[in-house]
1. Projecting each Cα onto the charge dipole of the range 1-88 (Lys/Arg +1, Asp/Glu -1 at the beta carbon, about the Cα centre), which of 88, 65, 43 comes out farthest on the positive side?
2. Cut-off 17 Å, label point 7 angstrom out along Cα-to-Cβ of residue 10: give me the residues of the range 102-116 whose amide nitrogen falls inside.
3. How large is the dipole of the chain about the Cα centre if only Lys and Arg carry +1 and Asp and Glu carry -1, each at its Cβ, rounded to the nearest 20 debye?
4. Could you name the aspartates and glutamates whose alpha carbon sits less than 20 Å from that of residue 183, not counting residues in the same chain fewer than 8 places away?
5. Give the span of the chain's Cα atoms along each principal axis, as three whole-Å numbers ordered largest to smallest.
6. Rolling a 1.4 angstrom probe over the protein heavy atoms, how many square angstrom per residue are accessible across the chain?
7. How high is the FRET efficiency between residue 163 and residue 118 when r is their beta carbon distance and R₀ equals 35 Å, given to the nearest 0.05?
8. Counting only helical runs of four or more DSSP H residues, what would the 222 nm mean residue ellipticity of the chain come to if each run contributes -39,500 (n - 2.57) and the total is spread over all its residues?
Amino acid sequence: ARAVAASAADGEVMLLCVGGSGAMRTGLNLVLNFRAMGLYHMLVLALERDVCTSLWDALPSLACVWWPRRLEAPRPASLYNTMFNKVALAFFEARKVLLERLVVKHRLNVLHLDADTIWFANPYPVLKTVYRDHAIVVQADNPFANAGILYVQNVAPGDSAAWVLEELNRRIDRFTYRPESVKE
């Protein structure tokens, strides 16, 4: 809760998903890029405390969290759990659970970004004008939605956008922990 309070501004937060130490420089570049645009409302999600510690060495005021219990949860053998990297799956799950909590529980608008994205301009003027009437804005990655770049705004518990986030996490939970419940 302290990290959320420290990172949010005017009901907005950017959730920057950095991952492990190999992505730390990329994540730091993203943070510095947004700070150069005058944007400081960032919450970094990292795989481990060491990543946050390294980021804090450079930027002591940066809000950074990690979620070790989510990464250690046992996963049953399944095509989903063996087809993809275990750490990548756990981090994907942690990102989406945190996204849902920030939006539904804390009532924040969230710009959710992978660390390997590059921004040439402040995205908020477009998000707040062109997309002001949209609750969820995603980048198309045809034929799918890119799960690493999305913006969620003006969501209330119980509305359709909240349902989408909750359903995403229900499905991740089914695929991850109850694969026998998923049928072709």
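1. 88
2. Once the point is set 7 Å along Cα→Cβ of residue 10, 108-111 turn out to lie under 17 Å by backbone N, inside the range 102-116.
3. 300
4. Partners found: 167, 173.
5. Principal-axis extents of the Cα atoms in the chain, largest first: 48, 39, 32 Å.
6. Ligands and nucleic acids excluded, the result is 56 Å² per residue.
7. Efficiency for this residue pair is about 0.65.
8. -12000 deg cm²/dmol
The values are calculated or read from the model by the stated rules, or taken from the named source; none is laboratory data. In this text, all values refer to a predicted model and were calculated from it rather than measured experimentally. Glycine also receives a Cβ, built like all others from the backbone with ideal geometry; neighbour counts cover every protein chain displayed. The protein model used for the area step is the full one, side chains on, heavy atoms only, and it has no ligands, DNA or RNA in it. Shrake-Rupley method; radii C 1.70, N 1.55, O 1.52, S 1.80 Å.
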